[in-house]
Every structure is written in C-alpha cells, then in structure tokens.
Amino acid sequence: LQRALKASPTLLDAREGETKHDASVTSVSIDQGAARHMRTVQQGALDLALLQSWISQLLEERGGDMYRMKGVLHIAHAEQRFVYHAVHMIFSGSFDEPWGDDEPRESKMVFIGKNLDGEELAASFNDCLATRGNMKVKEEALRFAVGEQVECRTGADTWSRGEVLARNYRDESMPPGMVSPYQVELSGGHLIWAPADCDSVIRSVKRGRGEETRTRGRE
C-alpha cells in the first residue's frame, strides 16, 4: 500500500479527479473502515470471481460514465492486498504486498463518474462479499452437480472424462483468491480443478464419446 501511495499519493482520495463544471459528475467512496454510522457496506473479505464479474459488468455497461475507479481490496483466500485502478473501460489490478500482522483487512474503493448511485454501488459491493449466502448463490448458478459426468479440457485439443467431486473448490496450491467452480476426478483417478464454468474448459458428456477425445475444427 505504501508503495502504491508513493507512486500515486491521491490513490484513495475520493476528491481527486472531480470536476467543478458538471454537477452530474460526483465521487462515491466505499470504505469498510469507516465509522459504523458512516459505513455504507458490510465488512468481510471479497470473493475474487464475484468482484471481477461485477467490475467487468460495470465497465461494460457504464464505462463511458465511469471516469475513474481505484482502490485497495481485501480478497478471501489471499494474504496480499489487491490494488486496482481503472480509467473508463481500461482496468489494471493485481495482488500487491501482504497485509501487516496487526493491520485491519478492510477494503476501500473510490468511484469518480457521472450519475453515480452510491446505494446501488454499495449493494453491488455487498453482493461480492464471500459470505455464506453469496457463496450459495454463486454455487447454485453452476451448471454441473456433484456426481455428474463431465469432460474437461486437459490439453490444447484433448478432452478427458471425469466426475464432479466438489463445487466452489479451494486448496492451498491454487493462486491467491482463486476458488474453482469444480474439482473433478478424471477416469484414471487424477484430481484436477476447472478454472472456469464454460464450455471451453468443462462440458457435459455426449453419448458416443470415448474416455478421451480430441477436438476437430472449431468448438
């Protein structure tokens, strides 16, 4: 954080970047460390996948009006803070230095743009928290159930059959913040995890396919 602030002293200043010439341009600050009577969001770590989905949707739908976003975030299953910055539809974010042992792990986000709705942004932030309720909603949106037979891409043009063992899977060998949609046991007993719930990574088994198939042509 100190390195990020040194490079950009106004990183977390909600007033920076405002214009005085357009009343529709305002700033909204989301701060988990604010006093309770001033806090607009719940406390807790954010789920990386839910956060990325929200930010992507926000930039896609409101990128023209979203002049700038910036922040330091507490991500579940990560010892490092996540620092990000966005200008219109250009986003840059990565894990930075670890949180200090006695440092509160709290997220702060600043939005600068046109016609911002603070309550809507706060509600969307809360929907990205790694709470039991949000994780249940995330899991219910997955396509495959535990025990279902699937095929996973295990090479550039190779698919292997397996069975879903778990959903919303996480182990310590995975990158910071990563929670896989599925853990899968392949037919040979090898355990893998699928990084995304999409047909280019994991798909349903079609009748007539062998234990291992190779793609031909376009998927």
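Numbers for the structure displayed
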{"read-out": "Cross-chain or 6+ apart pairs with Cβ under 7 Å, the range 151-175 first and more than 21 Å from Ser204 (Cβ to Cβ), then open to solvent by 40 Å² or more (accessible area, probe 1.4 Å)", "value": "Arg170/His77"}
{"read-out": "Qualifying residue in the range 126-143 (condition: over 15 Å from the mean Cα position of the chain (by Cα), open to solvent by less than 60 Å² (accessible area, probe 1.4 Å) and at pLDDT 95 or above)", "value": "yes"}
{"read-out": "Restricting the range 155-170 to residues that are open to solvent by 40 Å² or more (accessible area, probe 1.4 Å) and modelled with pLDDT under 95, the residue that is farthest from Ala76 (Cα to Cα)", "value": "Asp157"}
{"read-out": "When residues of the range 68-112 are limited to those that are part of a strand (DSSP E or B) and among the polar types (S, T, N, Q), the one modelled with the highest pLDDT", "value": "Gln80"}
{"read-out": "Search result, residues across the range 182-194 that are surrounded by 15 or more Cβ atoms within 10 Å (Cβ to Cβ) and out of contact with any Pro (no Cβ under 8 Å at 6 or more places or on another chain)", "value": "Tyr182, Gln183, Val184, Leu186, Ile192, Trp193"}
{"read-out": "Test: residue in the range 82-102 that is loosely packed, with under 14 Cβ neighbours inside 10 Å, without any contact (Cβ under 8 Å) to a residue 60 or more places away in the chain and charged (D, E, K, R)", "value": "yes"}
{"read-out": "Residue match in the range 153-170 (condition: part of a strand (DSSP E or B) and within 22 Å of Asp31 (Cα to Cα))", "value": "no"}
{"read-out": "The range 21-58 - residue that is hydrophobic (A, V, I, L, M, F, W, C) and in a loop (DSSP other than H, G, I, E, B) and, of those, modelled with the lowest pLDDT", "value": "Ala23"}
{"read-out": "Near pairs, Cβ below 6 angstrom, 6+ apart or cross-chain, from the range 120-142 (in contact (Cβ under 8 Å) with a residue 12 or more places away in the chain) to any residue that is among the charged types (D, E, K, R) and open to solvent by 30 Å² or more (accessible area, probe 1.4 Å)", "value": "Glu139/Arg167; Leu142/Arg167; Leu142/Asp197"}
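The values are calculated or read from the model by the stated rules, or taken from the named source; none is laboratory data. In this text, all values refer to a predicted model and were calculated from it rather than measured experimentally. Heads up, the Cβs are rebuilt from the backbone with ideal geometry, glycines too, and the neighbour counts pull from every protein chain shown. The accessibility values were calculated without ligands, DNA or RNA, using every heavy atom of the protein model including side chains. Shrake-Rupley method; radii C 1.70, N 1.55, O 1.52, S 1.80 Å.
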